[in-house]
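Working notes for the structure below.
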Amino acid sequence: MSQLMKAIKDFKKNFELTLLALPSIIFIFIFCYIPLYGLVLPFKNYNYRDGFFRSPWAGFENFKFLVNSDAIIRITRNTVVMNALFIVFGTVISLILALLLFELARKYIKLYQTMLFIPFFVSWVVAAYAFRAFLDMENGFINRMLEFFGKEPIMWYSEPQYWPYILVLISIWKGAGYGAIIYYTGLMGADSEFYEASRIDGATRLQQTWYISLPLLKPLISILVILSIGKIFYGDFGLFYNVTLDSSQLYSTTDVIDTYVYRALKSLGDISMAATAGFYQSIVGFVLVLASNWVVKKVNPDNSLF
Amino acid sequence: MKANNLIPHIVLLSIAIACLLPFLLIISSSLMYEKDIILQGYTFIPKKITLLAYEVILKDPQQLINSYIVTIIVTIVGTIVGLWLTATIAYVLTRNDYKYKNKLTFYVFFTMLFNGGLIPSYILISRWLNMKDTIFALIVPYLVIAWYVLLMKGFFQSLPKGLVESAKIDGASEFKIFVQIVLPISKPALATVGLFLVLQYWNDWWLSMLFIDKESLFSLQFLLIRVMRNLEFLNTEMARQYLNIDRLNIPTLSARMAMSVLAAGPMLFIFPFFQKYFVKGLTLGSIKG
């Protein structure tokens with residue numbers, strides 16, 4: 001009884017703060033917790049007429065279908081491999097840019113930083129326009145250049161083999177400036193004494209970069225890389241859908257889990273299949289986030305999420 | 001400038017310019033005559049420059065204006081409501097004397113680790129809440145995002161604790177303390193998270209793709225998707241009738257580019273002015289998920 005009294009007393013004492021946060025609490029419950037019912041969806045044969053509750057059960061049929069389809073290997077491979085390439089090349093280019101910025105006086109940095117950062121503000125839709133002007137099969141800048149030099153034009157939007165390179169390039173275009181700024185800020189926090197001492201010892205700029213700057217950034221690099229590995233199962237939908245113009249001829253290299261789920265929902269109307277692929281993504285994604293957080297905790301406990 | 005700084009300058013300048021080339025190509029293509037595009041392709045240096053594509057679109061800009069209004073309403077309402085919801089819960093999470101602090105923190109951050117995926121949210125919003133083809137579908141899903149709560153929480157944690165305590169001793173209510181003391185000294189935090197919300201709402205096409213079929217609710221970005229797909233809304237038919245242009249010169253390819261300039265251009269000029277806040281938010285947020 002006294003426990004109940006204490007609970008009520010606690011509740012009263014914290015009532016005002018609870019009330020302040022209550023709209024957000026309710027909101028998160030509706031939009032983040034209620035959708036967890038969806039974990040049941042892959043086990044149902046969902047149809048719009050019967051809705052969630054009255055649609056018949058399907059057992060593991062949906063999973064069997066997904067595993068036996070060609071799609072599962074394709075979308076898993078594309079999601080993981082492309083994200084891995086983005087992580088590797090994105091990190092390297094961002095680091096190079098940050099180290100170059102660090103070589104310059106402050107007054108120049110602002111300008112470069114702004115120019116490199118602008119793609120960050122652009123939506124993938126506008127990016128799709130820009131890259132279509134380059135890659136358009138009839139009027140695109142690149143094909144006209146190829147023709148000019150007497151080469152055969154390339155049907156960019158129907159030849160999947162080029163897209164891993166194109167997508168890596170575009171993802172660097174959009175994200176490297178942002179990465180560079182994070183690493184540059186990391187370098188700014190470095191102790192200038194290291195650099196002065198090494199200068200007295202006659203170290204060159206390149207040696208300073210290699211022996212001081214990079215080791216200083218190592219913790220930041222490892223944290224950011226590990227965190228992005230935790231998200232490797234989630235494709236950037238806008239990049240893979242808008243920039244490729246959702247061209248079905250490119251699916252062998254550009255179809256990722258996210259685009260597959262979207263298409264199953266909107267084009268095919270196959271809710272069960274979409275939900276099954278989504279379930280697969282949620283579960284594996286969850287395991288990867290937990291694993292990456294576990295590693296972050298080992299590396300640097302301050303940076304772990306929990 | 002030291003001589004050995006030349007290499008970084010050259011490399012950075014060329015990369016920075018390369019970053020801007022896609023924008024230049026859109027702009028120059030939007031200024032081309034249709035027959036020059038057929039002849040030259042999209043190019044950085046058009047033979048002749050014309051504003052015809054813009055004239056044609058602005059002849060009947062109703063859909064464009066309408067999409068601007070939709071996007072502006074969504075951005076303003078979403079940012080204000082989102083900021084309030086984010087700030088309140090983030091603030092409560094920083095109060096060490098709040099009994100349920102740990103439980104509530106877990107409640108918020110669990111959503112970053114695990115989610116039900118697209119389909120259940122889609123069914124919830126379109127079927128259960130009946131928000132399909134309403135403006136709410138464009139606002140509601142982004143109102144509370146755990147990453148922003150985390151970011152805001154980081155800011156609030158750096159506020160001096162004594163302020164709140166002394167106000168409490170004076171007998172002020174929690175609501176009053178939050179509104180009259182905490183919020184006014186947290187303007188940089190509100191600006192940072194607010195700008196992220198503005199960027200998110202302004203650039204969004206995802207929610208429109210999922211939930212919107214009605215033309216009156218097309219956001220700017222979604223309008224651009226539609227124009228990209230099938231050249232609708234470009235007034236090309238009208239151009240033929242009223243502007244008396246022969247068939248070969250009706251701007252469609254250039255009008256498509258002009259549409260993207262008109263729809264995306266203005267904000268692209270504004271965002272870089274607030275770069276400082278974005279950088280601050282990103283550097284704070286990057287190492288935390």
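The values are calculated or read from the model by the stated rules, or taken from the named source; none is laboratory data. No experiment lies behind these values; they were computed from the predicted model shown. Here Cβ is always computed from backbone atoms with ideal geometry, including for glycine, and neighbour counts include all displayed protein chains.
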Subset of the range A:141-162 [assigned to a helix (DSSP H, G or I) and either within 14 Å of another protein chain (Cβ to nearest Cβ) or touching a Leu at 6+ places or on another chain (Cβ under 6 Å) (or both)]: A:Phe141, A:Ile142, A:Asn143, A:Arg144, A:Met145, A:Leu146, A:Glu147, A:Phe148, A:Trp156, A:Tyr157, A:Pro160
Somewhere in the range B:55-72, is a residue away from chain A (no Cβ under 11 Å), more than 28 Å from the chain's Cα centre (by Cα) and part of a helix (DSSP H, G or I)? no
If you go through the range B:10-46, how many residues are at the interface with chain A (Cβ under 7 Å from one of its Cβ atoms) and in contact with a Phe, Trp or Tyr (Cβ under 8 Å, 6 or more places away or on another chain)? 10
Can you tell me which residue within the range A:241-255, out of those that are surrounded by 24 or more Cβ atoms within 10 Å (Cβ to Cβ) and away from chain B (no Cβ under 13 Å), is farthest from B:Asn115 (Cα to Cα)? A:Thr254
Need at least 3 residues that are away from chain B (no Cβ under 14 Å) and of a type in the set (Val, Ile, Thr) per element, so show me which helices (runs of 4 or more DSSP H) inside the range A:1-120 make the cut, counting only ones lying wholly within it. A:71-103
Identity of the residue in the range A:37-70, surrounded by 17 or more Cβ atoms within 10 Å (Cβ to Cβ) and of a type in the set (A, V, I, L, M), that ends up modelled with the lowest pLDDT: A:Ala58
Which of the following residues is outside the structural domain of B:Ala146 (by TED's automatic domain parsing), of a type in the set (Ser, Thr, Tyr) and either buried (at least 19 other Cβ atoms within 10 Å of the Cβ) or not in a loop (DSSP other than H, G, I, E, B) (or both): B:Thr88, B:Thr43? B:Thr43
Could you give every pair whose Cβ atoms fall below 6 Å, whose first residue belongs to the range B:257-286 and is more than 29 Å from B:Tyr54 (Cα to Cα), and whose second residue is among the hydroxyl-bearing types (Ser, Thr, Tyr) and part of a helix (DSSP H, G or I), counting only separations of at least 6 or pairs across chains? B:Tyr277/B:Thr192; B:Lys280/B:Thr192; B:Gly281/B:Thr192; B:Thr283/A:Thr185
Take the residues in the range B:203-222 that are more than 22 Å from A:Asp258 (Cα to Cα) and assigned to a helix (DSSP H, G or I); name whichever of them is farthest from the other protein chains (Cβ to nearest Cβ). B:Ser216
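Among the residues of the range B:120-128, is there at least one that is aliphatic (A, V, I, L, M), more than 7 Å from chain A (Cβ to nearest Cβ) and in contact with a Ser or Thr (Cβ under 6 Å, 6 or more places away or on another chain)?
Checked against the condition, which is being aliphatic (A, V, I, L, M), more than 7 Å from chain A (Cβ to nearest Cβ) and in contact with a Ser or Thr (Cβ under 6 Å, 6 or more places away or on another chain), the range B:120-128 yields no hits at all.
It is to be established whether one or more residues within the range B:190-204 are among the small types (Gly, Ala, Ser) and over 16 Å from B:Pro141 (Cβ atoms).
There is at least one residue in the range B:190-204 that is among the small types (Gly, Ala, Ser) and over 16 Å from B:Pro141 (Cβ atoms).
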